[in-house]
Each structure stands twice: as structure tokens, then as C-alpha cells.
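All remarks here apply to the structure that follows.
The values are calculated or read from the model by the stated rules, or taken from the named source; none is laboratory data. No experiment lies behind these values; they were computed from the predicted model shown. Every residue, glycine among them, receives a Cβ derived from its backbone with ideal geometry; neighbour counts consider all protein chains shown. In case anyone asks, the SASA skips ligands and DNA or RNA and just uses the protein heavy atoms, side chains included. Shrake-Rupley method; radii C 1.70, N 1.55, O 1.52, S 1.80 Å.
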Amino acid sequence: MRDIYQVRTAVVDDMQAIIGLINEAAEWLRTKGTDQWANPWPDNEARDGRVLRDLRAGRTWIVHDNSDLVGTITYGQEGSEILWTPDERRSPAVYICRLVISRQCGGREIGAALINWAGKRGRQNWKAEFIRADVWTLNFALHNYYKNEGFTHVRTCDFKDPWEYPSAALFQKPTAEIDQTAAALFKELNSASTDAAGTLSLQP
């Protein structure tokens, strides 16, 4: 893992780059004995719609190493009502998803650092007490990854049809336990973005 990466709020123009990272990760996952992202859930249109929605809401970030695309992460402060209980959602938290690192940058622990960075921002911005993630139900290697990063397995939600929501293994980690050194590996840049009215603005 190197010294500093550049991170900025992603914009709609970044969508194809983000989809490219997802597709690259899907190809790699096919070699790892998991069905994660073998097909977009529940289909391409819905998957792309979620990506676009989060871009427009300013919840997605993109990481570069100078001119090289490194990865992306999406996070927010609202937990899914079908996954997290009302009591859990009353505790302020950072809910992360769509964490994808370019395979060219694999092995640098950038994903783990991004998780800590998102947790640090959530703790600063809305006093988040936890970092939370819903993890692909049958990707047990990914479950172990989160456990190794200090997360606790809360539960796996039981859906009658696993395809109803295939990312139902819930993990959380207190923000008090984030790695501050890892979280500091990102320099935040300003991003040009457009709001719902199409007005160009700058966001931190």
C-alpha cells in the first residue's frame, strides 16, 4: 500500500468507469468459487439504476493513483429497512456498498483502507457509531475478509428465495476501532457534478 491516493465524489460521467470496475470484478470472482455478481442483480437495468441513483445523490466516491483508476466505494447513513432492524437503524452508522478495487491494484489493502476512510468520514459528519455492510450471502471468503478487518457477523437474513436479496450477510464494526493510519491514505479532491436541475457545482 503506497502513501496517498486521490479520492473525489463520483459524478454521472464516471458511471461507465464504475460499471467497468464491477464487470472486471465479476470476471475475477468467477474464478473464486462464488456466484457473486455472476449476473447483475436482479438484472442489468436495475443494477445500473442503483449505480446512477447513488451517483446523483453524491454517495459514490472514486479513487485514483494520479491518472490511474484505482477503485470506488458507495456509502451513506441510511440502512435498508429489509435488512436492519428499527433499533439498529436508530444508531447512526455508515452503510457501505459497491466497494470495488481494480485488479491491477489488488493486494495493496486499498479496499480495507477505504472502509476505514468511509467510517472516519461518517463519524465526523454524523457521529456514526458503526460501519455496516451487507455482504454477498454465499461469498464466504468475503465474510472472512470482513472478519479479518475487525467486523462482527450480526446475522444472515433468511429470504425464501436467495435471489430476492442475495447480499444478506450483515457485518458491522464500531467506528471507534477504525484504523486512523489507513483512513489517512486518501487526499480528497473537489469534483464537478450536476444537480437534479442540471446545474454544475463543486463538491468536496
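Take residue 73 and decide whether it is open to solvent by less than 70 Å² (accessible area, probe 1.4 Å), touching a Lys or Arg at 6+ places or on another chain (Cβ under 8 Å), under 17 Å from residue 189 (Cβ atoms) and touching a residue at least 60 places away in the same chain (Cβ under 8 Å). The answer is no for residue 73. Taking the conditions (1) among the hydroxyl-bearing types (Ser, Thr, Tyr); (2) touching a His at 6+ places or on another chain (Cβ under 8 Å); (3) open to solvent by 40 Å² or more (accessible area, probe 1.4 Å) in turn, residue 5 satisfies each one other than (3). Scanning the stretch 72-93 for residues that are part of a strand (DSSP E or B) and either among the charged types (D, E, K, R) or under 10 Å from the mean Cα position of the chain (by Cα) (or both) yields 72, 73, 74, 75, 76.
Scanning the stretch 18-51 for residues that are over 16 Å from residue 104 (Cα atoms), assigned to a helix (DSSP H, G or I) and among the small types (Gly, Ala, Ser) turns up 46, 49. Among the candidates 48, 13, the residue that is modelled with pLDDT of 95 or more, more than 25 Å from residue 169 (Cβ to Cβ), open to solvent by 40 Å² or more (accessible area, probe 1.4 Å) and not β-branched (Val, Ile, Thr) is uniquely 13. Among the residues that make up the stretch 98-118, is at least one of them open to solvent by 50 Å² or more (accessible area, probe 1.4 Å) and part of a strand (DSSP E or B)? Checked the stretch 98-118: no residue is open to solvent by 50 Å² or more (accessible area, probe 1.4 Å) and part of a strand (DSSP E or B).
How many residues does the stretch 12-31 contain that are in contact with a Gly (Cβ under 9 Å, 6 or more places away or on another chain) and either acidic (Asp, Glu) or under 22 Å from residue 189 (Cα atoms) (or both)? Break it down into steps so the answer makes sense when it comes.
From the stretch 12-31, those in contact with a Gly (Cβ under 9 Å, 6 or more places away or on another chain) are 21, 28; that's our starting set.
Pick out the ones that are also either acidic (Asp, Glu) or under 22 Å from residue 189 (Cα atoms) (or both) and you get 21.
Summing the residues that are in contact with a Gly (Cβ under 9 Å, 6 or more places away or on another chain) and either acidic (Asp, Glu) or under 22 Å from residue 189 (Cα atoms) (or both) in the stretch 12-31 gives 1.
On the stretch given as the stretch 1-32, residues that are touching a residue at least 40 places away in the same chain (Cβ under 8 Å), among the polar types (S, T, N, Q) and within 18 Å of residue 68 (Cβ to Cβ) total 1. Open to solvent by 40 Å² or more (accessible area, probe 1.4 Å), of a type outside the set (Asp, Glu), part of a loop (DSSP other than H, G, I, E, B) and in contact (Cβ under 8 Å) with a residue 12 or more places away in the chain, is that true of residue 142? It is false that residue 142 is open to solvent by 40 Å² or more (accessible area, probe 1.4 Å), of a type outside the set (Asp, Glu), part of a loop (DSSP other than H, G, I, E, B) and in contact (Cβ under 8 Å) with a residue 12 or more places away in the chain.
What is the residue count in the stretch 117-136 for residues that are of a type in the set (Val, Ile, Thr) and either over 20 Å from residue 184 (Cβ atoms) or without any contact (Cβ under 8 Å) to a residue 24 or more places away in the chain (or both)? Walk me through it before giving the result.
So the first thing to find is which residues in the stretch 117-136 are of a type in the set (Val, Ile, Thr), and the list is 131, 135.
Then keep just the ones that are either over 20 Å from residue 184 (Cβ atoms) or without any contact (Cβ under 8 Å) to a residue 24 or more places away in the chain (or both); that gives 135.
Residues meeting the conditions: 1.
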